[in-house]
Amino acid sequence: MPMVPTQIKITGPHGLPFKLGGPMQVFEGRTLLGTLDPVEVLKDGTEVHIEAFIPTQVVLNERRHVGRLIFFEICAYITEHFPQIQAISFAFGRPIDALGRPAEQAASRASAMERIGVVNITVTPLTQGVHVVSGVWPYSEANRVALQTALEKQRAIFREKPIVRPSRAGRVFAKLAALCSQRARG
């Protein structure tokens with residue numbers, strides 16, 4: 001039975017539409033994955049800065065690197081909904097146990113950012129356990145295509161095994177719905 005792809009949804013507080021400069025909430029279905037607060041608007045409203053992502057326990061418990069998916073989803077959302085934004089700057093330093101030592105984590109983040117066209121990537125060691133990776137993703141058609149390609153790859157990782165796993169009742173309901181759908185087509 002095919003699984004429903006991971007559905008990341010981005011809103012403002014209380015499910016209201018996200019507004020530039022305000023907090024941003026990231027969900028998988030109805031489960032909150034984390035909050036960006038604030039999403040700073042810079043350079044006369046043409047750039048946003050992402051740094052203060054506060055993950056929920058669901059994300060902290062996830063052994064896979066879900067942060068990359070979330071970052072790519074946020075970038076895609078901003079470019080789709082706010083065409084005046086010409087660049088997204090960021091600084092990420094939260095350690096992720098599943099990625100190895102701090103230098104390996106920083107290298108992995110920097111490599112992922114290079115693939116989508118991020119420029120001015122810097123890696124700054126703060127403490128023995130934390131390296132901050134920062135840079136700027138400038139909007140261009142080539143970078144948009146690279147972002148979309150990378151985003152699809154990340155979505156595929158979580159497609160078969162979503163971040164939030166359905167309950168047993170949810171799995172039974174999904175199987176029943178799939179069977180009904182097959183019979184309706186057949």
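Ranked by the mean number of other Cβ atoms within 10 Å of their residues, highest first, the peptides 79-87, 25-33, 113-121, 63-71 fall in the order 63-71, 25-33, 113-121, 79-87.
Sequentially through region 27-34, phi angles give Karplus couplings (6.51, -1.76, 1.60; θ = phi - 60°) of 10, 10, x, 9, 8, 5, 8, x Hz, Gly and Pro residues having no value and appearing as x. Per-residue 3J(HN,Hα) values for region 44-53, derived from phi via the Karplus relation 6.51 cos²θ - 1.76 cosθ + 1.60 with θ = phi - 60°, read 6, x, 9, 9, 10, 10, 10, 8, 8, 7 Hz in sequence order (x marks Gly and Pro). In this structure the amide hydrogen of GLY34, modeled in the peptide plane, comes within under 5 Å of the amide hydrogens of VAL26, THR56, none closer than 5 places in sequence on its chain. Placing dummy labels 7 Å off each Cα toward the beta-carbon, the span from LEU16 to ILE157 is 3.4 nm.
Once you order the gyration tensor axes a ≥ b ≥ c over the Cα atoms, which shape class does region 31-110 get: rounded for a/c under 1.5, otherwise prolate or oblate by comparing a/b with b/c? Walk me through the numbers before you get to the answer.
On the way: a/c = 2.26, a/b = 1.68, b/c = 1.35.
Because a/c hits 1.5 or more and a/b exceeds b/c, region 31-110 counts as prolate.
A short reminder: the numbers here are calculations on the coordinates, not readings from a lab. Computed from a predicted model, the values in this text were never measured in an experiment. Please note: Cβ atoms are built from the backbone with ideal geometry, for glycine as well, and neighbour counts cover all protein chains shown.
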